[in-house]
Every structure is written in structure tokens, then in C-alpha cells.
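Worksheet: one structure, shown below.
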Amino acid sequence: MYAVSIIPSFATIRTKRAHPIRAMRAVVQRVASASVQVEGRTVSEIGPGLVVLVGLHESDSESDAEFICRKVLNMRLFPNESTGRGWDQNVMQKKYEVLLVSQFTLYGFLKGNKPDFHVAMPPQKAKPFYASLVDRFKQSYNPDTIKDGVFGAMMKVSLVNDGPVTMQLDSQSPKNTNDGENS
């Protein structure tokens with residue numbers, strides 16, 4: 001008779017938790033309004049819509065960008081006033097705006113008490129990749145409704161949450177790997 005343990009060892013847990021997500025990450029907040037300031041100057045602002053904090057992983061590709069763009073623009077996070085149904089319309093159906101903010105700290109891990117960002121995409125690669133993500137959003141929706149912060153700058157992001165409603169997306173999570181399914 002063989003004994004099979006279904007409890008993973010500490011070493012296994014430690015290995016699996018090291019850096020489990022290898023994908024683009026987006027934290028999406030439904031807002032009544034939002035703005036970004038750099039050095040005391042407002043560089044972007046929106047009315048009702050979505051603020052999307054974007055974390056780029058070192059292994060991200062165009063397919064990750066396509067997934068995040070498609071999901072963010074199609075997430076049904078808004079009520080439909082004509083039918084009274086909540087969670088029924090996306091940002092495009094409402095003709096609302098989107099504010100994209102690059103945030104490498106979404107890929108910060110604590111080593112002791114100090115943050116470590118080594119799995120975030122390096123800035124020299126991340127800047128053009130993020131710019132192409134912003135362009136992808138503009139091509140997929142009305143370009144005038146897509147705003148963004150300043151890549152690499154220290155920004156003050158102000159927002160008025162609506163709900164609050166906050167969702168996190170990872171482009172490579174297990175349920176997101178089926179191309180086209182559950183879109």
C-alpha cells in the first residue's frame with residue numbers, strides 16, 4: 001500500500017508563490033471622474049469611465065496587450081438605465097472615457113520589507129510597449145476617449161470611485177488562456 005500526500009511541502013509552496021503571474025496585469029476601477037497630475041500640472045482628465053492601472057511583466061507580448069484591451073473595453077461594469085439591469089453595459093456602450101496609467105509597482109514583490117520589481121518589464125522595453133498598448137486602445141475605441149498619464153513620471157492620480165467597483169485582470173490567468181472563449 002502506498003501513502004500519497006495531498007498536502008504540498010513547504011518547499012513546493014515557496015516555489016509556487018515566488019512569482020506566479022507571468023502576464024500583463026490591469027487593475028480597473030469604475031470612476032465618476034479622474035485626473036493625472038505631473039509636477040503640479042494636469043496632464044489628463046476624464047469624466048465617467050474607467051481608470052486602468054497597467055503593470056507590464058517582463059515576458060508580455062502583443063497577445064497579452066490584445067487580451068487586456070479587449071477585456072477592459074468589453075467588461076460590463078455599468079448599469080443600463082433603460083432596462084434597470086446592473087452590470088449590463090461596457091464603457092463603449094456608455095460612450096465613457098478610459099484613463100490608462102502605467103504602474104510598474106503592480107509587479108512589486110516584497111523581499112523582507114523591501115519591494116523588488118525585477119519581474120516588471122524594464123523601462124527601455126516597457127515605454128514603447130506601453131505606447132503601443134495606448135494606441136491599441138485608441139484604435140479599438142474612439143481615440144478622443146482614451147487618455148493616459150506620463151510613462152515613468154511621478155504622478156498624482158486623483159479619482160472619484162463609482163461604486164466602488166474594482167476588478168483585476170491578468171492576461172495569462174488559467175481562465176484567460178482559451179482564445180476567444182469567455183470574452
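Read-outs throughout are calculated quantities, based only on the coordinates presented, and are distinct from any laboratory measurement. These numbers were taken from a predicted model, which means no experiment stands behind them. Here the Cβ positions follow ideal geometry from the backbone for every residue, glycine too, while neighbour counts run over all protein chains shown.
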- Query: Can you find a residue in region 78-93 that is within 21 Å of G55 (Cα to Cα) and either touching a Lys or Arg at 6+ places or on another chain (Cβ under 7 Å) or surrounded by fewer than 17 Cβ atoms within 10 Å (Cβ to Cβ) (or both)?
  - Reply: no
- Across region 45-63, what is the total count of residues that are assigned to a loop (DSSP other than H, G, I, E, B) and either touching a residue at least 12 places away in the same chain (Cβ under 8 Å) or touching an Asp or Glu at 6+ places or on another chain (Cβ under 9 Å) (or both)? 6
- Contact list, first residue from region 138-159 and in contact (Cβ under 8 Å) with a residue 12 or more places away in the chain and loosely packed, with under 15 Cβ neighbours inside 10 Å, second anywhere and in a strand (DSSP E or B) and of a type in the set (S, T, N, Q), beta-carbon distance below 8 Å, six or more apart or interchain, is G152/S102; K156/Q37; S158/S35; S158/Q37
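Every residue, every condition in (1) within 17 Å of the chain's Cα centre (by Cα); (2) without any contact (Cβ under 8 Å) to a residue 40 or more places away in the chain; (3) in a strand (DSSP E or B), yes or no:
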{"position": "V43", "(1), (2), (3)": "no, no, yes"}
{"position": "A65", "(1), (2), (3)": "yes, no, no"}
{"position": "L73", "(1), (2), (3)": "yes, no, no"}
{"position": "P79", "(1), (2), (3)": "no, yes, yes"}
{"position": "G86", "(1), (2), (3)": "no, yes, yes"}
{"position": "V98", "(1), (2), (3)": "yes, no, yes"}
{"position": "V101", "(1), (2), (3)": "yes, no, yes"}
{"position": "A126", "(1), (2), (3)": "yes, no, no"}
{"position": "S132", "(1), (2), (3)": "yes, no, no"}
- Message: Looking at region 126-136, can you tell me whether even one residue there is within 16 Å of L53 (Cα to Cα), touching a Cys at 6+ places or on another chain (Cβ under 8 Å) and surrounded by 14 or more Cβ atoms within 10 Å (Cβ to Cβ)?
- Response: yes
